[in-house]
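The values are calculated or read from the model by the stated rules, or taken from the named source; none is laboratory data. All of these numbers come straight from a predicted model, not from anything done at the bench. As a convention, Cβ positions derive from the backbone with ideal geometry for all residues, glycine included, and neighbour counts pool all protein chains shown.
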Amino acid sequence: MSSIFTVPVSLAERSYEITIRAGLLERLGSELKHHAVKGKVAIVTDRRVARYYLKTVLETIKQHGIEPVPIILTPGERSKTLQTVETVLDVLARHRFERSSVLLALGGGVVGDIAGFAASIYQRGMPYIQVPTTLVAQVDSSVGGKTGVDHRLGKNLIGSFFQPRAVWVDPLVLQTLPAREWVAGLAEVIKYGIIADASFFSYLQRSMPDLLKQAPKVVAAVVKRSCEIKAEVVSADERESDRRRILNYGHTIGHALEALGGYRSLVHGEAVGIGLVQEADLACFQGWCSHEVVEAIRRTVKEAGLSERMPRWIPSKIWKAMLHDKKVSGGRVIGVWPSRIGEVRIAPLEKQVFDRWYGASQIP
Ligand SMILES: NC(=O)c1ccc[n+]([C@@H]2O[C@H](COP(=O)([O-])OP(=O)(O)OC[C@H]3O[C@@H](n4cnc5c(N)ncnc54)[C@H](O)[C@@H]3O)[C@@H](O)[C@H]2O)c1
Ligand SMILES: [Zn+2]
């Protein structure tokens, strides 16, 4: 029998568990039964995930006497709009889903964010369960209850905090993930080592060849430890007042690069990979960490197959793009800076410092 790991997310009456189990997808029906789900269940997914997994999911659910109602979205970030949420709400209303019904979010972060947001507003909130199918979703977006969609004036501008009832992770589904998406997810995994756990970071360095080959045991261990760190941070600070901010390491520059590339040049994790290295370099420039720390991060990011350099097309607008991000307070950018592997500090970044660093670091 495959190993089962559970990770608690402790949030008083909103607490839930992350279950990690190879082959879990084929057992969805019995898991739902176990959670006393009856009647109908809505399954929000995207076309690509549906092609691989919907048949299996529909079968197991029907076998347990539950009626699945699939809602299949167009894959990709462009779907993350209010309009898509409306489509989901339409189906829920037409099928007369009730506040006690359950919605499953089967897919990557895009599906999870849309489905979670729809669940948070349908009849003022219906229970939902995250069944994440990308590495990013399994280690990051499915945990923590941030839901939402993009607005033409900004990414993730509209949303809510709404915790799922459970997160069900089947690492086996990662086998069909395109290589680019897999590698992008590794940026978030490396981030966890840097912000919270030096021995996990060393483990990642040692295991990188196996991780890149997706050795099942290593994948399960990495997903588990990443979920534990995210769960611990979220449990300490559900609404991102302070502690949760450490999760933004690599994302100040990362988000700016993503935006400047029109959300097409770089996928999120690729931008974060560059952010991890460049923000460490910025920390070092300010005397907050050693060169060794920067080099360890640089090596690990490169070994994961991610780029660590600022793209050539980066215009001088990068500071403006960083200011645009929501981690801004009083015209300053609040950054997360490594002091050593496993430990970060939160501190504002002044434009003059950034300009000096940027000028010095961009000389070829
Ligand atoms: N809510 C949060 O806390 C949080 C955290 C991080 C990221 N996010 C959001 O998550 C989104 C990115 O998520 P993502 O990286 O998972 O992208 P995604 O959901 O767009 O998925 C990437 C691609 O992989 C496909 N796919 C998914 N699972 C697959 C599988 N098992 N096999 C084959 N193909 C599969 C999808 O169809 C899609 O084409 C962004 O919108 C980001 O804002 C949210
Ligand atoms: Zn991220």
(message) As an exercise: evaluate D46 against (1) surrounded by fewer than 16 Cβ atoms within 10 Å (Cβ to Cβ); (2) within 22 Å of the chain's Cα centre (by Cα); (3) among the acidic types (D, E) and give the number of the one condition it does not meet.
(response) (1)
(message) Would you confirm whether or not the range 145-158 contains a residue that is crowded, with 21+ Cβ neighbours inside 10 Å, under 11 Å from D113 (Cβ atoms) and away from ligand 2 (no atom under 16 Å from the Cβ)?
(response) yes
(request) Residues being more than 16 Å from ligand 2 (Cβ to nearest atom) and either surrounded by 19 or more Cβ atoms within 10 Å (Cβ to Cβ) or small (G, A, S) (or both): count how many of those fall in the range 178-207. (result) 9
(request) Given the conditions (1) touching a Ser or Thr at 6+ places or on another chain (Cβ under 8 Å); (2) within 13 Å of ligand 1 (Cβ to nearest atom); (3) farther than 26 Å from V49 by Cα, report the number of the one that H251 does not fulfil. (result) (1)
(request) Would you please list the contacts, defined by Cβ atoms under 8 Å and residues six or more apart or on different chains, that run from a residue in the range 231-255 that is over 23 Å from L266 (Cα atoms) to a residue that is more than 11 Å from ligand 2 (Cβ to nearest atom) and aromatic (F, W, Y)? (result) E238/F161; R239/F161
(request) Test R225 against the criterion of being within 16 Å of ligand 1 (Cβ to nearest atom) and within 18 Å of the chain's Cα centre (by Cα), and give yes or no. (result) no
(request) Collect the residues in the range 115-138 that are part of a helix (DSSP H, G or I) and near ligand 1 (Cβ under 9 Å from one of its atoms), keeping them in residue-number order. (result) G116, L135, V136, A137, Q138
(request) For G275, state whether it is within 17 Å of the chain's Cα centre (by Cα) and either in the same structural domain as K317 (by TED's automatic domain parsing) or within 21 Å of L157 (Cα to Cα) (or both). (result) yes
(request) Name every residue in the range 151-185 that is small (G, A, S), in a strand (DSSP E or B) and either farther than 28 Å from A259 by Cα or within 11 Å of ligand 1 (Cβ to nearest atom) (or both), in order of residue number. (result) G159, S160, A166
(message) Which of the numbered conditions does G148 fail, given that it passes all the others? Conditions: (1) more than 10 Å from ligand 1 (Cβ to nearest atom); (2) under 26 Å from S10 (Cβ atoms).
(response) (1)
